[in-house]
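The values are calculated or read from the model by the stated rules, or taken from the named source; none is laboratory data. These numbers come from a predicted model, not from an experiment. We place every Cβ from the backbone using ideal geometry, glycine too, and count neighbours over all the protein chains shown.
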Amino acid sequence: MDRRAARHARTRREIVEAAWELSGRDGLTGWTLRDVASALGMQAPSLYGYFSSKHDLYDAMFSEGCRDLLAVLPEIDSSREAQDQLRAGMRAFVDYCSERPALFQLLFQHSVPGFTPSPESYAVAVDLLDRMRTALAAAGVTSARAVDLWTAVITGLISQQISNDLGGSRWTDLTDEAVALLLTASV
């Protein structure tokens, strides 16, 4: 990569970081491109050289958020008990998302009117879902209905935590119980 391309990539990265920071402070939709530019000491029109619109910036955030979440999830390890791995994966997922409300909203709720991830960004989300399906299948959970139930309950815990006890653990502390109940109902 030549220096100009490296500088362009670095600036794109700084813009995404600033957008995440503003999202954490002001909410996912509580900032403008002008706010992002100001946070970086840029003029707002300069951002259009890196992102064509606010939705384009959301798309980069969506892709990055999915990749970050994939990175914190434990890899499937055939030498470990599948249910223990599933429990650890769900705990990591719940904790990570509960600590990052803007990320959770962007990835799992339709909080940005009119935003739809690009096919490239959505492919990363599909990888995330595939990782969950693999862990569930290893633990004996294979039906589409059961997977839907798992996603509803686990994201529901996160939603409750963010909505009612941000920074606390009232609902995230229920993760292991939810996993145990779901395993009993799904297997």
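Residue by residue, here is whether (1) hydroxyl-bearing (Ser, Thr, Tyr); (2) in contact with a Cys (Cβ under 9 Å, 6 or more places away or on another chain) holds:
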site: Ser53; (1), (2): yes, no
site: Phe62; (1), (2): no, no
site: Asp84; (1), (2): no, no
site: Phe115; (1), (2): no, no
site: Val124; (1), (2): no, yes
site: Leu136; (1), (2): no, no
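Tell me the residue from Ala137, Ala152 that is among the small types (Gly, Ala, Ser), surrounded by fewer than 19 Cβ atoms within 10 Å (Cβ to Cβ), modelled with pLDDT of 90 or more and under 19 Å from Ala82 (Cα atoms), please. Break it down into steps so the answer makes sense when it comes.
Details: Ala152 fails: under 19 Å from Ala82 (Cα atoms).
Sole residue among the options that is among the small types (Gly, Ala, Ser), surrounded by fewer than 19 Cβ atoms within 10 Å (Cβ to Cβ), modelled with pLDDT of 90 or more and under 19 Å from Ala82 (Cα atoms): Ala137.
Listed by position, the helices (runs of 4 or more DSSP H) inside region 1-90 whose residues that are surrounded by 16 or more Cβ atoms within 10 Å (Cβ to Cβ) number at least 2 are 3-26, 33-40, 54-72.
Tell me, please, whether a residue that is among the basic types (Lys, Arg) and modelled with pLDDT under 95 can be found in region 50-70. Scanning region 50-70 turns up no residue that is among the basic types (Lys, Arg) and modelled with pLDDT under 95. Taking first residues from region 100-129 that are buried (at least 16 other Cβ atoms within 10 Å of the Cβ) and part of a helix (DSSP H, G or I) and partners that are modelled with pLDDT of 95 or more and of a type in the set (Ser, Thr, Tyr), the Cβ contacts under 6 Å between residues at least 6 apart in sequence or on separate chains come to Ala102/Ser23; Phe108/Thr155; Ser121/Ser63; Val124/Ser63. Kindly indicate whether Ala71 is under 28 Å from Gly167 (Cβ atoms), without any contact (Cβ under 8 Å) to a residue 12 or more places away in the chain and of a type in the set (A, V, I, L, M, F, W, C). So Ala71 fits the description; yes.
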